[in-house]
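Engineer: Quick one: structure below, then a few questions.
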Amino acid sequence: MTETPTATGRRILVDADACPVKDEVYKVAWRLEVPVWIVSNSHLRVPQHPLLNRIVVGDGFDAADDWIADNAGPGAVVVTADILLADRVLKAGAQAIAPTGKPFTTSSIGAAIATRAIMADLRASGDQLGGPAAFSKADRSRFLQALDTALVRAR
């Protein structure tokens, strides 16, 4: 495959450095014959397959996010837990899904950004907050269903 996705057509872009569902992405991509770009700041192990592309962007601040946002658009499904990246790709016309299966939408992203800002302020003021819930089998199942749904919609 090429190193840069086409401007149109179904494709999956994965914000991969801390993504717990890469194997699930591969399986869905192979089944539906959808190309995937695994984008990271460091070398990750990616299976050899004509539909899979590995992009290592280096360690610059937001380098992976910038690459994904620049290559997102109609037909793209972006897998990310990063709310600000999800906002950028939604504005570019792509779909965004969290690894837990939660889709980011244009109607929900504003509230997600606001919640993120509130939580950052609370942490900065020294409040002890619990982290996110542990990743579960139910999250993995929701993700698979959400990815299938998004790819059907991207057709």
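The values are calculated or read from the model by the stated rules, or taken from the named source; none is laboratory data. Please read all numbers here as calculations on a predicted model, not as lab measurements. Positions of Cβ are backbone-derived with ideal geometry, glycine not excepted, and every protein chain shown enters the neighbour counts. Heads up: the accessible areas ignore ligands, DNA and RNA and are worked out on the full protein's heavy atoms, side chains in. Shrake-Rupley method; radii C 1.70, N 1.55, O 1.52, S 1.80 Å.
Engineer: Of the accessible area of the chain, with the probe set at 1.4 angstrom, what percent is carbon plus sulfur?
Structural biologist: 55
Engineer: Run down the lysines and flag those whose C-alpha is under 20 Å from the C-alpha of Lys91, throwing out any fewer than 8 positions away in its chain.
Structural biologist: Result set, ordered by chain and number: Lys102.
Engineer: Something else now. For Arg54, which sequence-distant residues (separation of 5 or more, or a different chain) have an amide H within less than 5 Å of its own amide H, given hydrogens modelled in the peptide plane?
Structural biologist: Amide H neighbours of Arg54, under 5 Å, 5+ apart: Ile38.
Engineer: Now for a separate question. What do you get for trypsin sites (Lys or Arg not before Pro) in the range 39-122 restricted to DSSP loop and a cutoff of at most 15 other Cβ within 10 Å of the site's Cβ?
Structural biologist: Sites meeting the loop and neighbour criteria: Arg45.
Engineer: Over the chain, with the other protein chains present, what is the accessible area per residue in square angstrom, probe 1.4 angstrom?
Structural biologist: 55
Engineer: Assuming 0.692 mPa s and 37 °C, estimate D for the range 1-91 with Stokes-Einstein, Rh taken as the Kirkwood radius over Cα pairs, in µm²/s.
Structural biologist: For these conditions, the coefficient is 253 µm²/s.
Engineer: Right, something else. How many angstrom lie between the Cα centre of the range 18-39 and the Cα centre of the range 55-112?
Structural biologist: 15
Engineer: Normalised by the residues of the chain, what does the relative contact order come to in percent, with Cα pairs under 8 Å and at least six apart?
Structural biologist: That works out to 24 percent.
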